[in-house]
1. Can you tell me the 0 to 90 degree angle between the C-alpha axis of helix 56-139 and the longest principal axis of the chain, rounded to 10?
2. Would you calculate, for the chain, the mean residue ellipticity at 222 nm contributed by helices, counting each DSSP H stretch of 4 or more residues as -39,500 (n - 2.57) and dividing by all residues, to the nearest 500?
3. Just to confirm the number: angle between the C-alpha axis of helix 2-48 and the first principal axis of the chain, 0 to 90 degrees, nearest 10?
4. Can you give the extra length, in nm with one decimal, that the chain gains between Ser21 and Arg111 once fully stretched, where that is 0.36 nm per residue apart less the Cα-Cα distance?
5. Normalized C-alpha radius of gyration of the stretch 2-139, against 2.2 N^0.38 Å?
6. Only Cα pairs under 8 Å and at least 6 apart count here; give the relative contact order of the chain as a rounded whole percent.
7. Setting aside same-chain residues fewer than 8 positions from Lys93, which aspartates and glutamates have a Cα under 16 Å from its Cα?
Amino acid sequence: MRAVRERNEKLAKQELAEALSRRASTEAELLAADAQLERAQAEHRAIAAEVETLGATELLARQLFLERVEEQRGARVGELRARDAEVAERDAKLVVAASEHEMLNRLKERRRGEHDRELAGRERDALDEIATVRHGRDSR
């Protein structure tokens, strides 16, 4: 049982590490999306200032591109929230697995202590009995 709990704790640690890695990757993707959005917005503002030289079709295409970049960024924000939730879930599972493992370790140690005390008591009783027998022989 203890080996199962220990394995569960190790598995929970591994799952948390993987979730943290996925979260870090998603966070990096969000930062890249932020940078892309900033570039697209700056470009859009610069081009919008030159409205006289651009046709309505090109302005519309640029606006659609900007909206698509904003949607992609929004998707990354949603992914990051999902990764945060996953990390929290994995962390909670690790806490449970670790506490179960620790509980079994404490139980094992308590039982070992009880066993040691019982064994010491038996040894003491045996020594007392030997001493009593010897004392009885010595009295004769």
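1. On a 0 to 90 degree scale, this one is about 0.
2. Numbers: 2 runs with 131 residues, N = 140.
Helix contribution divided over all residues of the chain: -35500 deg cm²/dmol.
3. 20 degrees
4. Net length gain for the segment: 28.4 nm.
5. Details: Rg = 34.7 Å, N = 138, 2.2 N^0.38 = 14.3 Å.
Relative to the rule-of-thumb radius for its length, the stretch 2-139 sits at 2.43.
6. Values: 64 pairs, mean separation 61.4, N = 140.
Result for the chain is 44 percent.
7. Hits, sequence-local ones excluded: Glu6, Glu9, Glu15, Glu18, Asp84, Glu102.
Any read-out appearing in this document is the output of simple, stated calculations on the displayed coordinates, not a laboratory observation. These numbers come from a predicted model, not from an experiment.
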